[in-house]
Amino acid sequence: MASRSDNLPRRFARIYTAAIADVMDELGLQRQTLPWAIQPLTADMRLAGYAFTARGRPYRGTPRDRDTTLRLFLRMLGAAPADSVLVLASGDNAAAHFGELSAQWFRSRRIRGAVIDGATRDAASIARLRFPTFVRYRTPQDSVPRWRVRDWGQPLTIGGVRVALGDIVVGDWDGVVVVPRRVAHEVLVRCERLVGTENRVRAAVRRGMTPLEAYEKFGSF
């Protein structure tokens, strides 16, 4: 996991995902946005942090397997460090892989959010808690009889996007982008510059400058 001294999550939290996607396009990183179906529970949810990766699979165990399955899931939750974002590739379309108690635990640990290529339940409670949670679907069905964590801390792929431990994950109402750790600082600096330029464009357009004039003056629109 990356060093906590670099302050990347706090700085990336100020940047909207569209700006990050534009900068990564310029760098030739054009497949860094997770599938559009992964959306926040509410429009005001935002997250930015270091990826803590986990994978799972459908698992139809016996009632005797319940304790083992649940303990494995709880160990995964306990392994997530502060300033991270859980990125879970569930490999499943039936169960809920997150819930309100998990969100409460993460909040107490200063974990910055959860991105689930799968589902949550207790969605209304998580929304009231205001814990940033991005999911593909919602369902009341418990995961324990249907699904099991496979591993965590390993690279994974969601919708063709590779996510590795320590990558930067940023999410807002538009979706979720993944910034590879090796280019995170360069992307951040370019994004901060782009946001400053777009603020000047915005002010100019409000004063009556045409879009083409703004582009010709600032090189951005």
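The values are calculated or read from the model by the stated rules, or taken from the named source; none is laboratory data. In this text, all values refer to a predicted model and were calculated from it rather than measured experimentally. We place every Cβ from the backbone using ideal geometry, glycine too, and count neighbours over all the protein chains shown.
So here's what we get for this one:
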quantity	calculated
Set 95, 103: member being crowded, with 18+ Cβ neighbours inside 10 Å, touching a Lys or Arg at 6+ places or on another chain (Cβ under 8 Å) and closer than 24 Å to residue 158 by Cα	95
Complete set of residues in the range 24-39 that are of a type outside the set (A, V, I, L, M, F, W, C) and farther than 9 Å from residue 176 by Cα	25, 26, 28, 30, 31
Some residue of the range 204-211 being surrounded by 13 or more Cβ atoms within 10 Å (Cβ to Cβ) and either under 20 Å from the mean Cα position of the chain (by Cα) or charged (D, E, K, R) (or both)	no
Conditions (1) loosely packed, with under 14 Cβ neighbours inside 10 Å; (2) part of a loop (DSSP other than H, G, I, E, B); (3) not polar (S, T, N, Q): number failed by residue 145	(1)
Meets criteria (surrounded by 19 or more Cβ atoms within 10 Å (Cβ to Cβ), of a type in the set (Gly, Ala, Ser), under 13 Å from residue 50 (Cα atoms) and at pLDDT 95 or above) for residue 184	yes
Counted residues, the range 128-151 - those being at negative phi and under 16 Å from the mean Cα position of the chain (by Cα)	7
Positions within the range 113-130 being in contact with a helix residue (DSSP H, G or I) (Cβ under 6 Å, 6 or more places away or on another chain) and crowded, with 24+ Cβ neighbours inside 10 Å, in sequence order	126
Test set (1) assigned to a helix (DSSP H, G or I); (2) in contact (Cβ under 8 Å) with a residue 40 or more places away in the chain; (3) within 17 Å of residue 180 (Cα to Cα) - residue 49 fails condition number	(1)
